[in-house]
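To keep things clear, I will list the structure first and then write my remarks on it.
Read-outs throughout are calculated quantities, based only on the coordinates presented, and are distinct from any laboratory measurement. Remember, it's a predicted structure, so these values are computed and weren't measured experimentally. With ideal geometry, Cβ positions are generated from the backbone for all residues, glycine too; neighbour counts draw on all protein chains shown.
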Amino acid sequence: GNSVTQMEGPVTLSEEAFLTINCTYTATGYPSLFWYVQYPGEGLQLLLKATKADDKGSNKGFEATYRKETTSFHLEKGSVQVSDSAVYFCALSDRGLTGGGNKLTFGTGTQLKVEL
Amino acid sequence: DAGVTQSPTHLIKTRGQQVTLRCSPKSGHDTVSWYQQALGQGPQFIFQYYEEEERQRGNFPDRFSGHQFPNYSSELNVNALLLGDSALYLCASSLAKGYTFGSGTRLTVV
């Protein structure tokens, strides 16, 4: 079955440092890949996505590239801010059913703490 | 434009009891999915409802059941609660592709 593996946290960085959170996946076929962010006490917010190999998703300074050859979707940001402190989840969705979207398979999450 | 609304926000139940959680999808969305997020873990897919029927189901026992109403809102029911059912229950709605998540219901079983 499908699975997602993320680097364990917490990751603690100083403001303006470079961020990488590793994510690898196992899936049949060609899944869509996502990064979600969860702030304390809130639900999940979609950060970025990529739907096919070599696609780059980007949003709010965050980027991730769909690498089929390495089955990876690492999250990067050039300069983190204190406001980026949150838990980040890598997820995949396989194709198949039309309408309504397919189920998401999540990693265990990586907590990011950014300090001044 | 209201997003996904879940109620209640917090709930405490005793082992063996039954619980019902509610979800109102984002306006225009016709599909509702439910996820269980244990503390420190990623969300796990419970099931998805579309056109008032369960369309997909994850690896959860029959104690977990659901319903979707004609207005697309949904309920998650859990019978015979166990301590291990304590978690954040997330509802996500969608139309075609792209999910919107609610803030969740925090269920504590004592």
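Brief remarks on what is shown
- Some residue of segment B:85-107 being away from chain A (no Cβ under 11 Å) and either of a type in the set (Phe, Trp, Tyr) or surrounded by fewer than 14 Cβ atoms within 10 Å (Cβ to Cβ) (or both): no
- Qualifying residue in segment A:93-106 (condition: without any contact (Cβ under 8 Å) to a residue 60 or more places away in the chain, over 21 Å from B:Gly3 (Cα atoms) and surrounded by 17 or more Cβ atoms within 10 Å (Cβ to Cβ)): no
- Positions within segment A:42-54 being out of contact with any strand residue (DSSP E or B) (no Cβ under 7 Å at 6 or more places or on another chain) and surrounded by 13 or more Cβ atoms within 10 Å (Cβ to Cβ), in sequence order: A:Glu42
- Members of segment A:31-78 that are away from chain B (no Cβ under 14 Å), out of contact with any Ser or Thr (no Cβ under 7 Å at 6 or more places or on another chain), closer than 18 Å to A:Gly107 by Cα and not in a strand (DSSP E or B): A:Tyr66, A:Lys68, A:Thr70, A:Phe73
- Hey, A:Gly78 of a type outside the set (Ser, Thr, Tyr) and in contact (Cβ under 8 Å) with a residue 24 or more places away in the chain or not: yes
- Filtering B:Tyr72, B:Tyr50 for residues that are within 14 Å of another protein chain (Cβ to nearest Cβ) and either in contact with a His (Cβ under 9 Å, 6 or more places away or on another chain) or over 30 Å from A:Ala50 (Cα atoms) (or both) leaves a single hit, B:Tyr72.
- Taken over segment A:28-75, residues that are without any contact (Cβ under 8 Å) to a residue 12 or more places away in the chain and touching a Gly at 6+ places or on another chain (Cβ under 7 Å) amount to 1.
- Counting only strands (runs of 3 or more DSSP E) that sit completely within chain B, those holding 1 or more residues that are more than 15 Å from A:Leu44 (Cβ to Cβ) correspond to B:5-7, B:10-13, B:19-24, B:31-37, B:44-50, B:53-57, B:64-68, B:74-78, B:105-109.
- One residue stands out in segment B:54-69 among those that are among the basic types (Lys, Arg) and either within 14 Å of another protein chain (Cβ to nearest Cβ) or touching a Phe, Trp or Tyr at 6+ places or on another chain (Cβ under 9 Å) (or both): the one that is nearest to A:Trp35 (Cα to Cα), namely B:Arg57.
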